[in-house]
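Worksheet for the structure shown next.
What follows is calculated from the coordinates using simple rules that are stated; it is not laboratory data. No experiment lies behind these values; they were computed from the predicted model shown. Here the Cβ is made from the backbone with ideal geometry for all residues, glycine too, and neighbour counts use every protein chain on show.
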Amino acid sequence: MTIRVDELNGAAVQSHLDALAQLLLDAHASGMALCLAAPLSRDGARAAYNTAAERLTPGERLLLAAFDGDELVGAVQLDRAEAGNGRHRAEVRRLVVRADRRGAGVGRALMEAIVEAARGLGLRLLWLSTHEGTDADRIYGRLGWSRAGVIPDYAELPTGELAANAFYFLRL
Ligand SMILES: CC(C)(COP(=O)(O)OP(=O)(O)OC[C@H]1O[C@@H](n2cnc3c(N)ncnc32)[C@H](O)[C@@H]1OP(=O)(O)O)[C@@H](O)C(=O)NCCC(=O)NCCS
């Protein structure tokens with residue numbers, strides 16, 4: 001499969017809302033909450049990307065999507081810090097690949113593209129967090145990110161249990 005990664009504007013996000021929502025439903029099915037409380041409905045997943053679309057701002061908040069031909073198979077977001085003394089850093093959020101396309105390099109392609117976009121904006125530091133002990137917690141190290149540590153009871157899993165989150169950073 002040949003993967004292309006494109007930055008989407010708000011209108012493009014709206015036009016791919018069903019495919020994007022499916023990514024979040026797949027994530028919840030595999031135990032990853034991606035900042036959304038369970039139970040997550042299809043409408044709730046669409047609403048999450050609708051909100052993301054409204055908030056997209058060039059140079060501040062970006063959404064990249066991975067395509068196999070016309071099919072959207074993954075996405076990732078970047079939120080630049082608003083703090084006056086933190087404008088050099090951004091959070092990488094909501095990396096997600098459709099369940100049937102995992103393990104084939106889509107996640108790596110998205111992460112490489114978001115790092116490239118961050119460099120293009122002159123950012124110096126990226127950070128992210130993920131539930132401790134999950135596949136994602138193993139993948140970021142593989143992608144060259146450093147694991148800063150763990151905060152217990154950080155977020156609710158789709159099961160409703162509180163889970164620790166691991167925090168990662170990448171200096172650019
Ligand atoms: C996490 C996720 C985005 C990774 O996407 P993916 O397309 O499966 O990842 P890739 O195939 O590009 O793999 C990336 C790297 O991690 C490695 N990897 C993949 N799955 C792995 C696993 N289960 N354990 C350890 N390493 C793994 C790959 O070998 C690859 O490294 P390499 O290129 O050096 O070989 C995807 O599994 C997913 O959507 N999971 C559910 C949502 C989620 O957890 N999102 C993260 C929220 S923080």
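Tell me yes or no: at least one residue of the range 142-153 is among the hydroxyl-bearing types (Ser, Thr, Tyr) and more than 24 Å from His28 (Cβ to Cβ).
yes
Within the range 92-128, the set of residues being near the ligand (Cβ under 7 Å from one of its atoms), over 16 Å from Leu34 (Cα atoms) and among the β-branched types (Val, Ile, Thr) comprises just one member, Val106.
All told, Asp79 meets the bar of being charged (D, E, K, R), more than 7 Å from the ligand (Cβ to nearest atom) and either crowded, with 16+ Cβ neighbours inside 10 Å or more than 12 Å from the chain's Cα centre (by Cα) (or both). For Glu156, the conditions (1) out of contact with any Ser or Thr (no Cβ under 8 Å at 6 or more places or on another chain); (2) within 8 Å of the ligand (Cβ to nearest atom); (3) in contact (Cβ under 8 Å) with a residue 24 or more places away in the chain; (4) under 20 Å from Ala33 (Cβ atoms) are fulfilled apart from (2).
Please specify each residue of the range 118-171 satisfying the condition of being part of a loop (DSSP other than H, G, I, E, B) and either under 14 Å from Arg93 (Cα atoms) or not small (Gly, Ala, Ser) (or both). Show your work before the answer.
Of all residues in the range 118-171, those part of a loop (DSSP other than H, G, I, E, B) come to 121-124, 132-134, 143-145, 157-161.
Listed by number, the residues that qualify are Leu121, Leu123, Arg124, Glu132, Thr134, Leu143, Trp145, Leu157, Pro158, Thr159, Glu161.
Kindly indicate which of Ala83, Ala113, Ala33 is in a helix (DSSP H, G or I) and among the aliphatic types (A, V, I, L, M). Matching residue, one of Ala83, Ala113, Ala33: Ala113.
Exactly one residue out of Arg61, Arg55 is free of Cβ contacts under 8 Å to residues at least 60 places away in the same chain, loosely packed, with under 15 Cβ neighbours inside 10 Å and either within 28 Å of Leu157 (Cβ to Cβ) or aliphatic (A, V, I, L, M) (or both), and it is Arg55.
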